[in-house]
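We did not get these values from a lab; they are worked out from the coordinates using the rules stated. As the structure is a prediction and not an experimental result, all values here were calculated from the model. Cβ: placed from backbone, ideal geometry, glycine included. Neighbour counts: every protein chain shown.
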Amino acid sequence: MIGVVAGGVRPMVVVSALGLVQIFGYGSTYYLLAVLAGPIAQDTGWPIGWIMGSLSIAFLVGAMVSPAVGAAVARAGGRRVLAAGCALIAAGLLILALAPSIWVFTFGWIVIGAGMAGALYDPAFATLGRLYGRKSRNAISVLTLWGGFASTVCWPLSAWFLAEFGWRGTAAIYALIHLCFSLPLVLIFIPHEAPVAAPPRRRGTPALQMVPGERLAFWLIAASLVTVGLVSTIISVHLLGFLTAQGQAMAGAVALGALIGPAQVGGRLLDLVFAARHHPIWTMGAGVLAIAMGLILLALGLSWAGVALVLYGAGNGIFSVARGAQAVAPLLASALIGWTGPSGTVQVLVALGLLNLLWIGALVLLMPRLPPPD
């Protein structure tokens, strides 16, 4: 672990505080509708596609806000940005809890989307980078281990809140968790940093030139990242629905889904231990292969579900996920489920997993043709 003490707070304390913020941040946003979408639709009569589409809108808002968030962290540090993100997520969740119409519900997700941009991984990573500079790599790696437990903690918690307090009560409780727990963690344990002047803009910087082989490698990597990002987001949002459609009770589906978190953390630990011993392409290949095997076993039915989710979680933990695919995934998955049903959607995910193996295979074959690094 890094040894730099910033603002009188030890790095392990900073990372642990951010880790808890990530668990409840992802659990109450990214993973929330996996448990609540069906009950919301049953209670209100709102279209399930629109409910899921609201999450897509949140991702789009987050993507639009992210550049300003990154600039704010670089200029003034992450403490205020992370605090504002937690407050916005809380406000959005309260809007969901009180929403009288689908329009207000969607507006709540717009607010949540802005909060996600300010409170989840990207600003947290940038905060650690600003605090610790080149020594931040280990801190960021440890933070991803914390975040891997978001679904493991919050899916069972959301199911229990739902049974006891309904979906509106669940949203309200998560809002209180952000206001009374996550926000104080940020304000107490994230060091305050003095603002810095923005670096001057450089003009006339020559564009990066790529040889044909490098250009093809770039597009293969981009295709792989987008494919994994699409699959990952669909699984995160719709996994419980896939399992219940196969005949699993909701409590059992939540228990199975909770396996993904420890498997992700295990995959990331393996990557930390072995990443320096081989080329990154083999890390990508191992992650893609595990994801594809997990999806195939998931399509085979409940008897393989536990092994499937462990393999999928480990592969997803190893592989870096593309944020850009998140925005379209919930809406696309809802359309697929309406068209082909849950079983057909899982089969589409299997096809995407196998397609990703093709991208990585082509990249491996291309490697000998690429020029050596400078």
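Within 11 Å, Cβ to Cβ, of GLY129, how many net charges do the neighbouring residues add up to if Lys/Arg are +1 and Asp/Glu are -1?
Its environment carries a net charge of +3.
In percent, how large is the relative contact order of region 8-193, given Cα pairs closer than 8 Å and 6 or more residues apart? Mind dumping the intermediate values first?
Numbers: 270 pairs, mean separation 74.0, N = 186.
Contact order relative to length: 40 percent.
Report, in order of residue number, the helices in the chain meeting two criteria: a C-alpha extent of 27 Å or more along the helix axis, and a mean Kyte-Doolittle hydropathy of at least -0.5; treat each whole DSSP H run as one helix.
Details: long enough: 48-76 (41 Å, 1.59); 78-98 (30 Å, 1.86); 212-245 (47 Å, 1.48); 280-299 (29 Å, 1.97); 329-366 (39 Å, 1.67).
The qualifying helices are 48-76, 78-98, 212-245, 280-299, 329-366.
What fraction, in whole percent, of alpha-carbon pairs in the chain exceed 37 Å separation?
Value for the chain (Cα pairs over 37 Å): 20 percent.
Calculate for the chain the 222 nm mean residue ellipticity that helices alone would give, adding -39,500 (n - 2.57) per DSSP H run of length 4 or more and normalising by residue count, nearest 500 deg cm²/dmol.
Helix-only estimate at 222 nm: -26000 deg cm²/dmol.
Could you pull out the chymotrypsin sites (Phe, Trp or Tyr not before Pro) across region 1-104 that fall in loop regions by DSSP (anything but H, G, I, E, B) with no more than 13 other Cβ atoms inside 10 Å?
Sparse-neighbourhood loop chymotrypsin sites (Phe, Trp or Tyr not before Pro): none present.
What is the spin-label model distance, in nm, from LEU270 to PHE181 if the labels are put 7 Å beyond Cα along the C-beta direction?
Between LEU270 and PHE181, the label points sit 3.1 nm apart.
Between ALA76 and VAL9, how high is the FRET efficiency from 1/(1 + (r/R0)^6) when r is the Cβ-Cβ distance and R₀ = 22 Å? Nearest 0.05.
Taking R0 as 22 Å, the efficiency between ALA76 and VAL9 is 0.80.
If each of LEU365 and MET64 carries a label point 7 Å out from its Cα toward its Cβ, how far apart are those two points in nm?
According to this spin-label approximation, the distance is 4.2 nm.
Positive end of the charge dipole of the chain (Lys, Arg +1 and Asp, Glu -1 on Cβ, about the Cα centre): tell me which of GLY266, ALA139, TRP304 has its Cα farthest that way.
Highest projection toward the positive end goes to ALA139.
Taking 45 Å as R0, compute the FRET efficiency from the Cβ-Cβ separation of LEU358 and THR244 and round it to 0.05.
Working: r = 31 Å, r/R0 = 0.70.
Calculated value: 0.90.
I need to check one value: relative contact order of the chain, counting alpha carbon pairs closer than 8 Å and at least 6 residues apart, in percent.
On the way: 577 pairs, mean separation 85.5, N = 374.
Relative contact order of the chain: 23 percent.
Please provide three numbers in whole Å: the alpha-carbon extents of region 8-193 along the principal axes, with the largest listed first.
So the extents along the principal axes, rounded to whole Å, are 51, 31, 23.
Tell me the Rg and the Dmax, in Å, that the Cα atoms of region 55-134 produce.
According to the Cα coordinates of region 55-134, Rg and Dmax are 13.4, 49 Å.
Quote to one decimal, in nm, the extra length available between SER16 and SER303 on full extension: 0.36 nm per residue of separation minus the C-alpha distance between them.
Gain in length upon complete extension: 99.7 nm.
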